[in-house]
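Read the structure below first, then the notes.
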Amino acid sequence: MPINDAFVAWKGLPDTIVTLGNMKVPLSLEWLQSNNDTLFVERSGANALVPERRFGVAVGRNGQAWTAVAGVFGNAASNGISGDGVAVAGRATYAPILEERETLHLGLAATYRRRSRSDGAFSFSAPAGTALFERQLVDTGDLPDAASVTRLGAEFAYRRGPVLLQAEYIRAELQPFSGPGMPASALGFQGGYVEAAWVLNGEGRGYALTPQGGTTYATFKGVAVADGQRVSRGGIGVFELAARYSAIDFDARGFRGGLERDVTLGLSWYPEPNLRLIANYVRGRVRPGEAQADTFGRAPFSVDTVVGRLQIYW
């Protein structure tokens, strides 16, 4: 069973958190946001370019409207910490507007992982907006020659009252080992999303500048349910509408890993503060890569998915 967040944090210095353990690598606003608070059942396809939780040490600082966090990471704790090289990562955010009902968020992040030949293959893959499919719909397949992996991310979010707009762009570049028979140039992949949400009958999502520990600085919180809106108190709960367009591109010069574009529509109902029902419709358009040709063929195709979730959280 994989180990998720398992770390210790030290707060002995003002506005500073030092964390040691298994945690999220600081890249992508969408990824750093808690699973409890995401707008949809699943994160966007662009999340395929974001590294999983890793074991490492991170230092974060914050001011009144800015945050900065940097760390050094090995492999995931579930995989024995070693075996996938060593990465350095950093993320900085600034909120030029930071008020109770209005927030403007800007962020930049980068990671660089150096790998050895003994670390084995590397790959990227993504489903069509849900994790229900047995096979990933776009997949680079194994990339055994990845000597280093560089990722860059740019974030934008604006919240005014019950409305939230959010967008990200992520690019990953794999540099091959040098030597006879190795590829001459790097492979570059990219992805991103644009999404919007509207809380129909409640307050908008708040903004959390600092975490209790780890690297999850500057993220948006979940939807609050006031006492008078609780179904158990005679209310109707809180409703939230959301829409998203996302894209992931695994094609590069001389390499075909696949291309996917998704449109997702969502409705969430919060009958109680710790209860959420989500319904999503996902329309995916896929152009398979070479690694998926035997399963899906080479012609583009569409996928329609309806998915729901009953979520109990705290």
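Filtering region 56-94 to residues that are in contact (Cβ under 8 Å) with a residue 60 or more places away in the chain, open to solvent by 20 Å² or more (accessible area, probe 1.4 Å) and polar (S, T, N, Q) leaves Asn62, Ser78.
In the set (1) without any contact (Cβ under 8 Å) to a residue 40 or more places away in the chain; (2) within 19 Å of Phe40 (Cβ to Cβ), Val223 fails one condition alone, (1). Within region 256-278, the residues that satisfy the criterion of being more than 27 Å from Phe296 (Cβ to Cβ) and in contact with a Gly (Cβ under 9 Å, 6 or more places away or on another chain) are Trp269, Tyr270, Pro271, Glu272, Leu275, Arg276, Leu277, Ile278.
Only residues that are modelled with pLDDT of 85 or more and open to solvent by 30 Å² or more (accessible area, probe 1.4 Å) were counted across region 168-184, and they come to 4. Say we look at region 20-38 and pick out the residues that are part of a loop (DSSP other than H, G, I, E, B) and in contact with a Phe, Trp or Tyr (Cβ under 9 Å, 6 or more places away or on another chain); which of these is surrounded by the most Cβ atoms within 10 Å (Cβ to Cβ)? Among those that are part of a loop (DSSP other than H, G, I, E, B) and in contact with a Phe, Trp or Tyr (Cβ under 9 Å, 6 or more places away or on another chain), it is Pro26. Reported count of residues in region 1-55, each being over 16 Å from Phe220 (Cβ atoms), without any contact (Cβ under 8 Å) to a residue 60 or more places away in the chain and of a type in the set (A, V, I, L, M, F, W, C), is 5.
Among all residues of region 153-167, there is none that is out of contact with any Lys or Arg (no Cβ under 8 Å at 6 or more places or on another chain), crowded, with 20+ Cβ neighbours inside 10 Å and of a type in the set (Val, Ile, Thr).
The values are calculated or read from the model by the stated rules, or taken from the named source; none is laboratory data. Fair warning: this is a prediction, and the values are worked out from it, not measured in the lab. Counting neighbours? That spans all protein chains shown, and the Cβs are built from the backbone with ideal geometry, glycine included. Keep in mind that these areas ignore ligands, DNA and RNA; they rest on the heavy atoms of the full protein, side chains included. Shrake-Rupley method; radii C 1.70, N 1.55, O 1.52, S 1.80 Å.
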